[in-house]
1. Just to be sure before I move on: is residue 18 without any contact (Cβ under 8 Å) to a residue 60 or more places away in the chain and out of contact with any helix residue (DSSP H, G or I) (no Cβ under 6 Å at 6 or more places or on another chain) in the structure I sent?
2. Residue 160 - would you say it is closer than 27 Å to residue 59 by Cβ, outside the structural domain of residue 71 (by TED's automatic domain parsing) and within 27 Å of the chain's Cα centre (by Cα)?
3. Of the conditions (1) surrounded by 14 or more Cβ atoms within 10 Å (Cβ to Cβ); (2) within 49 Å of the chain's Cα centre (by Cα); (3) modelled with pLDDT under 70; (4) assigned to a helix (DSSP H, G or I), residue 389 satisfies every one except a single condition; which number is it?
4. Hey, can you tell me all the residues within region 266-282 that are at pLDDT 95 or above, part of a loop (DSSP other than H, G, I, E, B) and on the phi < 0 side of the Ramachandran plot?
5. Please count how many residues of region 209-223 are surrounded by fewer than 18 Cβ atoms within 10 Å (Cβ to Cβ) and within 17 Å of residue 269 (Cα to Cα).
6. With respect to residue 77, is the statement that it is under 21 Å from residue 173 (Cα atoms) and either within 31 Å of the chain's Cα centre (by Cα) or at pLDDT below 95 (or both) true?
């Protein structure tokens, strides 16, 4: 007998220990979707030529027996939809020919064995809806893994930023866990990825712009995390995406409006900190470029005069010191300043005098700066020159003007 297929037959009771006496030629055993209870007998390890074992969707319980590691020829193992508890036995790592592992919808706990990296031919791993708490970084060394689903567990910690990128992985689902830290930038090198679900975790930091390299992606869910910063415009290149969700994060800035973003609704962006863009998405409009330029211009108008005045004062001290020679004593220099009749004028007073350097008070623009008229608090009319220190020769021009003033 090569196959024993008795799935969906309402079989009840327990698996007998005599199951190990089945033919040594048995390659496929399918008892899934019945009403079996109890544990898997250790004698099942005697079925050394079994390539497929399906016990899914029964009411089996207890631990996954370590004797399964004795079935070296096993390629497919289906244990999902039962009540297995305890940890995944390390002996599973001895199944060097295993290509598919389904143990979802159980009560498995603890860590995923780090030795899983020895399953060099593993293509499918579905361990969702358990109570697993840790994912070893060695798991990412599985070069043949196409489908990884670890959703609805209690996985914590962070993802190794240096995880090994996969060329073949198509579906990655780590949703509904407690994973924290940043999303590794290397995720953008998973070149065959079609579905990526990292929702319902505690990821923080920015969305890597390298995600724009996932050109085969058609599903992306990053919702319900603590992601911050802007949504990268590089994601506009994901032309195959049918679904994207960035809701319930701390994202800010302009929502990209090209590529897949043209077809998204407000549901994809709700409950973020400060996103802006098309009002159709129920976010406020972004400030226009003209407004941004105006703000820059206003800021420069306030900042540059401060810098200029500080430099003018420094140069003035330098000139006075130079003209009195190196042998001038400190007391003489103090006396010089004490004898000076000119009072100090603060930058705030200059701002008031020129009405914040208003263009209406602009007398003219020269090669190295602008000249404004103003009225000081005591009624004195003054002309104030603001040097453009970014221009070569501005210092030299100021030096020349000082010499002229000293000789008049």
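1. yes
2. no
3. Unmet condition: (4).
4. Within region 266-282, 269, 270, 272 qualify.
5. Residues that pass the stated criteria total 1.
6. In short, no.
The values are calculated or read from the model by the stated rules, or taken from the named source; none is laboratory data. Predicted model only: the values in this text are computed from it and were never measured. Please note: Cβ atoms are built from the backbone with ideal geometry, for glycine as well, and neighbour counts cover all protein chains shown.
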